[in-house]
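Notes follow once the structure below has been shown.
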Protein chains: 4
Amino acid sequence: MGPNSNELPSPLRGIIPPLVTPLLDRDTLDEAGLERLVEHILAGGVHGLFILGTTGEAPSLSYRLRHDLIERVCRQVAARVPVLVGITDTSFVESTNIARKAKDAGAQAVVLAPPYYFPAGQLELLEYLKHLTAELPLPVFLYNMPSHTKLVFELETMRAAADLPHVAGIKDSSGNMLYFRRLQGLLADHPDFSILVGPEELMAEAVLLGGHGGISGGANLLPRLYVELYNAARAKDLPRVEELQAKVMELSTCIYRVGRYQSSFLKGLKCALSCVGICSDFMAEPFHRFRQAEHEVIEQYVKKLGITPSGGN
Amino acid sequence: MGPNSNELPSPLRGIIPPLVTPLLDRDTLDEAGLERLVEHILAGGVHGLFILGTTGEAPSLSYRLRHDLIERVCRQVAARVPVLVGITDTSFVESTNIARKAKDAGAQAVVLAPPYYFPAGQLELLEYLKHLTAELPLPVFLYNMPSHTKLVFELETMRAAADLPHVAGIKDSSGNMLYFRRLQGLLADHPDFSILVGPEELMAEAVLLGGHGGISGGANLLPRLYVELYNAARAKDLPRVEELQAKVMELSTCIYRVGRYQSSFLKGLKCALSCVGICSDFMAEPFHRFRQAEHEVIEQYVKKLGITPSGGN
Amino acid sequence: MGPNSNELPSPLRGIIPPLVTPLLDRDTLDEAGLERLVEHILAGGVHGLFILGTTGEAPSLSYRLRHDLIERVCRQVAARVPVLVGITDTSFVESTNIARKAKDAGAQAVVLAPPYYFPAGQLELLEYLKHLTAELPLPVFLYNMPSHTKLVFELETMRAAADLPHVAGIKDSSGNMLYFRRLQGLLADHPDFSILVGPEELMAEAVLLGGHGGISGGANLLPRLYVELYNAARAKDLPRVEELQAKVMELSTCIYRVGRYQSSFLKGLKCALSCVGICSDFMAEPFHRFRQAEHEVIEQYVKKLGITPSGGN
Amino acid sequence: MGPNSNELPSPLRGIIPPLVTPLLDRDTLDEAGLERLVEHILAGGVHGLFILGTTGEAPSLSYRLRHDLIERVCRQVAARVPVLVGITDTSFVESTNIARKAKDAGAQAVVLAPPYYFPAGQLELLEYLKHLTAELPLPVFLYNMPSHTKLVFELETMRAAADLPHVAGIKDSSGNMLYFRRLQGLLADHPDFSILVGPEELMAEAVLLGGHGGISGGANLLPRLYVELYNAARAKDLPRVEELQAKVMELSTCIYRVGRYQSSFLKGLKCALSCVGICSDFMAEPFHRFRQAEHEVIEQYVKKLGITPSGGN
């Protein structure tokens, strides 16, 4: 019998895709699509699943739907891989509510970005982390996401937070590799602390020089590609890294850059998943699925890149 | 018998204080303090009451507590003045949930800032407004608050939004009076559209040149001061405006600038309310009440400024 | 004989237009246009002239041309009003070079925004001000312009700077009236310190409540309008203020909002000056004059607003 | 006889240190220090020298001193490696003036960041590049430096600029590796176009996956370290990369993070150069050399890291 996934690896390593949330309308899950999507991703050999993150449009969803999603995914995954649940919220109480829900449903960890309405100072942020992590029933990964929270975990704050009891790692989605490298340096004496990178385009180089893995959005579409790239990077097989990285960049430059707003990544990803028949491309406000013109552009790219639903990637 | 406050004036004019939310701990209302605070404010002759705004720490509160607050305040105010309820949320569905709650409790209007996690483009924002306002059971005031939402209602977006069925006005908290003046110009043909200003230090000049009033946070503490200043500005009594404005600036420079973070305004205001015995100064995370040293500074200011709980202002 | 303008009033009050720099090409002054423009402005009864500011495109001009401009304008003005010269530069030495040139040419004061390449901290900025002002041969007005310098003079920095020997006032172009009002409060004990406002749309309200005047860009085009508005505001004649303010807003909403970039103000102003035959609309890089389509829109507005070169405004 | 360095390699590859400008006071070069510094760097085997960049404090220097520096460095280097000269300026005319000076002194290329006062739109920026590059007598490297210019070369702008006649490459100092990777993808069909990275902490990973080299500030202090790291990365020798990268991170975490402002990097670097006796640590305003306390911290680090002037690194 293999390792019990209920015991979170320490440090957590590998590809942990941030699950897209399939929707039929703004408050209805695409249940069949969700099932297909989860199986599609797990078939790719990923090392975990992260639900209710930015890619999952969590802040745009009702709490009722978020609870429903947590239960469904945990039940379906059934401990095949660890499930991480986003609990980021402007309200401390709502964050702990979701965390308890996650624990009850059988998730293995939670993920927390800074509260994103009030502009807190770093000392206020650290005090918030002390109070909140003390109430959490599961290990917590901190989530650095300044483009959306407008509040960075400064290096000194992270250094202090890494010593808090439940803090197990960080997901850095800043895209700022200087920050990432300095963080590695500061936490060199915390070998169990997991340092994961957000942008999938940077996963390989993060891992090549000591990072533990990536929360790669494209792994919703092509899970095996990212797993293989991770493996190549961990094995320091540079020719293979370069070959696979080129495919990642093709996805990044084609699928994620249709449309004119910062929402292009999310819209493109959901649209492509719909093109290959995995799930609906409906998006929660303030976003909307691509209209016909952009849909056709994505469809062409999907064909050109040879993406198929069977996970044949 | 006076005018029925259930009919929202059009345009809404005057001082509509953004109610501080008195708390005993992070998920418990200070019920007695809340009652005292509401009566203290109404005794000042204000023209409305705005609950669950930024000053009310709404994004930091649990939904349960927000619902409780809506019910209590609407019941206590009992239509003496219009009650406006903040429904800003990153989730469309949760915004409409609070709006229905507000309608059921007897509130007269709702207030909506842009969703503040995903960075939407202006066309996405306008589409969001079209969809959301169509579902609202009450008139809605848009709330421009770029320092916290990081998303501005650009002038063209506001111009278009002003023609949507339920949109009754705007609260501009940008502090950017150039934006405010241009907005007045663009909406000159909408005489029923209410243009209110956020920062209390700018209320007088906003009203002197055609603005309709202010959502003045200091009116939690000194409601009559702001009402009198509004009246003087509306009457274009400049000597009186200058006399009262000096007091407003004294409050602003003393009470709101203790402490080192952007939270100084909120912490100072809640601390001062506690000093005069109106309500608790407990704050929801990510903030915390002033510690002893800052509390004593505020206490000295409160004495120096002669602020008393009896509303003797 | 009238007051000697070589003695700078203390505080400096009134309308001090920021002179547009008429150009024939990127390194050639439109000398005839410059002469017409200066006489047009002085005929409007302004209280000073500010050259080499943002409206004058100073950072885009060669030093040779800046020196030429300083000499020509000082000679032509011939002490009819005080001339203020912008010396803002990323290089301390170049700032003092221009200041000496200004002194030699007969200017009465200089104007200084923070150095705008390196992001200095406030203590670094204050030390810079101490060193630089000590070397200046003329009184200096500090210039708060965060949209372009990305560095604000924080209130505490201004408070300290106001006590430096040569510092005579501030021009606040932030558009943030909360900052402006707090500055007035902090400097209430400095009656000789001049507090001027940048955005012309806010000049009237600035003066109504104690500000000393404005650096109003529109006064290049309609100098008398701004002088009359200033006089009305100073006399607290509110009906007259409202009447004239409406014209200012018409200019602001029409002329300054053609085109899609932040350069719309400058392009519109220079284009309008060209439409009425005062000077060329050539702009220094990185900007370019409006093309035909926008030029025609501005031309229509100029006609509609009844702007004429004779200063008949 | 070796290759003639007057012919700029295409693409330019390797370590091109951004030269610190040694100063005795704000307008006086530390001539002896400059000579020592240049020889120290060249002894490390670098592939070029970049003068008058951000690390060289160019925007803070007088034009006279900049001209003096260009002449001295070009004369001393005497074509041993290519010299690149920063010509970034808010004034088009001054940029071309410096470029001509660079050409006359024997430099091989110039480096240009966007003009950094007026906030230009991307189309305005591209038009500026078209006009300016057409006037340049030397190949030009574009310099993406949003933290200081506040204006990014967006990907589409870079794609178009890469086809302009004199544009030979880009130095990306954004620290945003997602941008860097997408740029590589977009310019895959321009094999002669050099893509260099600014932050030295990211040089190795940039080169491992196809970047051409780095403008590494630390190479002022330890030129051989960066050259060896570049060579290891180019040879895809990962164990050696990891070993040397650890030293780079030690420098980054110790020397560059003393002091509280963004100026810590520059102050720390210049202070360390002074500790090992290479040149003076005087800095041009708005910065100032470290005071005694910080100097001692740097001195300890310099000893601990075993940095010696002999280039024994």
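Quick look at the numbers
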read-out	value
Cβ-vector label at 7 Å, D:P137, separations to other copies in nm	3.4, 7.6, 7.8
B from D by rotation - nearest chain D beta carbon to the axis, in Å	D:R260, 7
Pairwise label distance in nanometres, D:R80 with A:R80, each label 7 Å out on the Cα-Cβ vector	6.3
Peptide A:55-62 - average C-beta neighbours from other chains (10 Å radius)	5
Partners for C:K270 among lysines (Cα-Cα distance below 16 Å; same-chain residues under 8 apart left out)	C:K303
Under 5 Å, built H, 5+ apart or other chain: amide partners of C:D172	C:N144, C:L196, C:V197, C:G198
Computed [θ] at 222 nm, deg cm²/dmol, the protein assembly as shown (DSSP H ≥ 4; -39,500 (n - 2.57); rounded to nearest 500)	-13000 deg cm²/dmol
Cα-centred dipole magnitude for chain C, charges only on beta-carbon of K, R (+1) and D, E (-1), debye, nearest 20	360
Cross-link reach list, lysines versus C:K171, counting only Cα pairs under 19 Å and skipping chain neighbours closer than eight places	C:K130, C:K150
Inter-chain shielding of C:276-288 (mean C-beta neighbours from other protein chains, 10 Å cut-off)	4
Choice from B:R181, B:R75, B:R64 showing the highest fluctuation, given a GNM over chain B with Cα pairs closer than 10 Å	B:R64
Estimated distance in nm for a label pair at A:Q292 and C:T308, the labels positioned 7 Å out from Cα along Cα-to-Cβ	5.6
Distance (nanometres) between label positions extended 7 Å along Cα→Cβ at D:E127 and C:D163	4.9
Projected-area mean, the stretch B:11-137, by convex hull of Cα positions, square nanometres	7.9
Protection-proxy order for peptides C:275-287, C:204-216, each taking the mean of Cβ atoms within 10 Å per residue, highest first	C:204-216, C:275-287
Histogram of C-alpha separations across chain B, 20 Å bin width, %	35, 61, 5
Label distances, nm, B:Q300 versus same residue in remaining copies, Cβ-directed 7 Å point	3.6, 6.2, 7.1
Per-copy distances of the C:E71 label point, shortest first, in nm (7 angstrom along Cα→Cβ)	2.4, 8.2, 8.5
Average partner coverage of A:115-127, which counts Cβ from other chains inside 10 Å	6
Residue-by-residue Karplus 3J(HN,Hα) for the stretch A:81-87, coefficients 6.51, -1.76, 1.60, Hz, glycine and proline x	9, x, 9, 10, 10, x, 10
Distance between the stretch C:264-313 and the stretch B:186-224 - C-alpha centres, whole angstrom	35
Counting DSSP beta bridges with both ends in chain B, the antiparallel % (nearest 5)	10
DSSP bridge pairs, the protein assembly as shown: antiparallel proportion in percent, nearest 5	10
Whole-Hz couplings from phi, Karplus 6.51/-1.76/1.60, listed for the stretch D:271-280; x for Gly and Pro	5, 5, 4, 6, 4, 8, x, 7, 7, 5
For the stretch D:251-261, Karplus couplings with θ = phi - 60° (6.51, -1.76, 1.60), whole Hz, Gly/Pro x	4, 4, 7, 8, 5, 8, 10, 8, x, 10, 10
Listed residues C:T55, C:T157, C:T88, most fluctuating in chain C (Gaussian network, C-alpha, under 10 Å)	C:T157
Global form of the protein assembly as shown, assessed from the alpha-carbon gyration tensor, a/c cut-off 1.5	oblate
Residue order, fewest to most surrounding Cβ atoms within 10 angstrom, among B:L136, C:L61	B:L136, C:L61
Long-range amide H partners of C:R289 with built H, under 5 Å	C:M283
Under-5 Å amide H pairs with B:L12, H placed in peptide plane, nonlocal only	B:S194
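We did not get these values from a lab; they are worked out from the coordinates using the rules stated. Since the model is a prediction, treat every value here as computed from it, not as a measurement. Ideal geometry is used to build each Cβ from the backbone, glycine not excepted, and the neighbour counts take in all protein chains shown.
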